[in-house]
Amino acid sequence: MESVRKRVAVIGGGIAGLAAALRLRDLTPPDTEIIVYEQSGALGGKLRTGELAGVTVERGAESFLMTGSDGTESAAVALVRRLALERALVHPRKVPAALAFGGRLAPMPAGTLVGVPADPTRLGDLAHAETGHDADDGRPLLAEGADVAVGALVRERYGPEVVDRLVDPMLGGVYAGRADRLSLEVTMPQLARTARVEHTLGAAVRAAQVASRRVPGQPVFGALDGGLSRLVGAAATASGARVSLGLPVRELARTADGWRLLLGPVPMPRTDDVDAVVLAVPAKPAARLLTGVAPVAAEAIGGLDYASVALVALALPPGTPLPELSGFLVPPSEGTLVKAATFVTRKWARPANAPVIVRVSLGRAGEEERLQFDDVVLTERARRELGELLGGELPPPVASWVQRWGGGLPQYTPGHLGRLTAARAALPPGLALAGAAFDGVGIPACVASGERAAEDLSKAWEASL
C-alpha cells in the first residue's frame with residue numbers, strides 16, 4: 001500500500017521550533033512537508049543578532065553552554081555540528097565577573113553552583129552564612145518527586161544573605177526572577193538530583209559540581225562568529241521547511257485525519273490541514289490553541305507567568321575605561337533597574353580602536369512598570385546607573401539601541417515539571433509542545449525541547465503503523 005505524504009506544522013519559528021523542524025526532517029520520509037508558521041516578520045525568536053557602531057552585538061541571547069548538566073556535549077553544540085558550523089565557534093575571553101553591591105564590585109566567588117556555595121564559610125564578607133542550619137538530619141534534602149523554590153532551600157540551610165547577595169542575582173541574570181519563586185527542579189536540575197540523595201546542602205552542591213564537571217580547559221560558553229542569527233538561518237535552511245512569516249495561527253481543531261489550523265486575520269481567514277502539530281510558542285498562546293482540543297493540557301500550562309526585560313546597548317567613546325571584568329550582576333536588594341551588565345568589549349574579541357560596547361540588562365519579574373519609559377529615558381537611566389555602579393559618571397554614548405523583550409522570560413514556580421508532565425500526558429496524538437515555556441530557558445534547553453517534540457511525534461507515527 002502506498003504511503004500518504006505527511007504534513008507537519010511547527011507553530012513558532014524560534015530556535016525550539018526550528019530545531020523541531022530540523023529533527024523532523026531527519027526522522028521522517030524525504031517527501032514529508034514541514035511548514036513553520038511564525039507570526040512575526042522574522043525567524044529566530046530571542047536569537048537576534050544586531051549591530052552597534054559597526055560592531056556585532058546580540059539583541060537577545062549572546063551565547064550558549066557548551067556542556068549539559070551531566071558534563072556531556074550540550075544540545076546547542078550538537079546542533080552546531082549538525083549544521084557544519086564548528087569552524088564558526090568562538091568563546092569568550094577568560095575574564096572574571098563580579099557582583100555589585102554596597103557601592104563596590106566584588107569578585108564572583110569561586111566554588112558556587114549558580115550562586116549556591118559548597119562551603120559557605122569561604123565567602124568572606126560577601127555574605128555571612130548561617131552554617132549551623134545545614135546539619136545532617138538523616139534524610140535527603142529533597143524527597144523523590146518533590147520540588148521546592150531555590151530560595152526556600154538555600155534560606156533554610158544557609159540563611160538570607162546567601163540568597164539575597166549570591167543566588168538572587170545569579171538567577172536574576174538568567175531568568176529575571178527571584179530565587180524564592182523559582183523551581184529548583186527546572187532552574188538547577190543537577191542540584192535537584194543530588195539533593196534527592198545527599199543530606200546537606202553543602203554535600204549536594206559538591207556532588208552536583210562533580211557530576212557536571214567539565215574537561216579541564218574546555219570553554220564554558222560558545223557563540224558563533226558573525227552572530228547567533230547564523231544558527232537560525234542554517235537550521236531553517238537545513239530543515240527544508242516552508243516558512244510562513246506574518247501569518248498568526250488563531251485556532252486549532254481536530255479533523256478526521258489530523259488537525260486544521262485557522263490562519264491569518266479575522267476578516268480574511270485561511271485554513272491549513274496537517275497530520276501533526278508542534279506548538280513551539282509561549283505558554284499562554286499554546287494554552288489558547290489547546291483550549292478546544294486538549295483542555296486539561298491547556299489548564300496545566302496556561303498559568304505560567306513571564307518576566308519582561310529590556311536590553312540597552314551603549315557604544316561609549318573609544319578609550320572609555322572599564323574594569324577588567326566580563327561584566328557584573330546586581331542583587332535586587334540594591335534597588336537599581338539595572339540587573340546585569342556585560343562588557344562586550346572585554347568579554348569578546350572586537351575590533352581595535354572601536355567604541356567601547358556595554359550591554360545592560362534592565363528589569364526583573366514584577367517590575368514591568370519600571371520599564372514603561374521611552375527608549376531615550378531608559379538609555380539615560382542605564383548609563384547613569386551603570387556609572388554609579390562603576391563608581392564614576394560615564395560619557396554619553398556615541399550610539400545606542402534598546403531591545404525590549406516583553407513577557408520574555410518564563411517564571412517556573414515549584415511543581416512546574418509535574419504540571420508539564422500532566423499537560424503532555426493529556427495531549428491527543430499528533431500534538432507536541434516545545435520551547436522555553438516548557439523545558440527551560442537557554443539555547444541548549446530550547447534545542448533539546450524542539451528535538452524531543454519531533455521525536456515524540458515520530459514515535460507516535462511509528463506506533464500507529
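The values are calculated or read from the model by the stated rules, or taken from the named source; none is laboratory data. Being a predicted model, the structure only gives us computed values, none of them experimental. Heads up, the Cβs are rebuilt from the backbone with ideal geometry, glycines too, and the neighbour counts pull from every protein chain shown. What goes into the accessible areas is simple: the full protein's heavy atoms, side chains included, and nothing from ligands, DNA or RNA. Shrake-Rupley method; radii C 1.70, N 1.55, O 1.52, S 1.80 Å.
A straight line joining the Cα centroids of region 21-93 and region 420-460 runs 17 Å. Beta bridges per DSSP, both residues in the chain: antiparallel share near 70 percent. Taking all protein chains into account, the per residue accessible area for the chain stands at 43 Å² (1.4 Å probe).
Shown for region 390-441: the carbon plus sulfur share of the solvent-accessible area, taken with all protein chains present and a 1.4 angstrom probe, equals 60%. Taking all Cα pairs closer than 8 Å and separated by 6 or more residues, the relative contact order of the chain comes to 25 percent. Each Lys or Arg adds one and each Asp or Glu takes one away; over the other residues whose Cβ falls under 14 Å from the Cβ of F373, this sums to -2. Between helix 443-464 and the chain there is an angle of about 20 degrees, using the helix long axis and the longest principal axis of the Cα atoms. Dividing the mean sequence gap of close Cα pairs (under 8 Å, 6+ apart) by how many residues region 270-366 holds gives a relative contact order of 28 percent.
In the chain, with Lys and Arg counted as +1 and Asp and Glu as -1 at Cβ, which of these residues, M108, P30, T291, has the Cα nearest the positive end of the dipole, that is, farthest along it? Working it through, the farthest residue towards the positive pole turns out to be P30.
Once the C-beta distance of V377 and V174 is scaled by a Förster radius of 25 Å, the resulting FRET efficiency is 0.45 to the nearest 0.05.
Region 375-407 and region 188-209 have Cα centres separated by 39 Å.
Using only Cα atoms, find the angle between the long axis of helix 201-211 and the longest principal axis of the chain, and express it within 0 to 90 degrees, rounded to the nearest 10. Approximately 60 degrees, to the nearest 10. Computed from label points 7 Å out along Cα-Cβ, the spacing between R87 and D26 is 2.2 nm. Here the chain is treated as a Stokes sphere of Kirkwood radius computed over C-alpha pairs; at 20 °C and 1.002 mPa s its diffusion coefficient rounds to 92 µm²/s.
Solvent-accessible area assigned to carbon and sulfur over region 76-190 amounts to 50 percent, based on a 1.4 Å probe.
Under 5 Å between amide hydrogens, built in the peptide plane, is the criterion, and for I34 it picks out V8, R242 among residues at least 5 positions away or on other chains.
From the helices alone, meaning DSSP H stretches of at least four residues, give me the mean residue ellipticity at 222 nm for the chain, per-run term -39500 (n - 2.57), in deg cm²/dmol to the nearest 500. Computed ellipticity for the chain at 222 nm equals -9000 deg cm²/dmol. For region 179-324, the gyration tensor built on C-alpha atoms gives an oblate shape. Its axis ratio a/c (a ≥ b ≥ c) is at least 1.5, and a/b is not larger than b/c.
Compute the angle between helix 15-27 and the longest alpha-carbon principal axis of the chain, please, reported from 0 to 90 degrees and rounded to the nearest 10. Its long axis makes an angle of about 50 degrees.
Across the chain, the longest piece that holds none of the GluC sites (Glu not before Pro) lying in DSSP loops with up to 15 other C-beta atoms within 10 Å covers 145-323.
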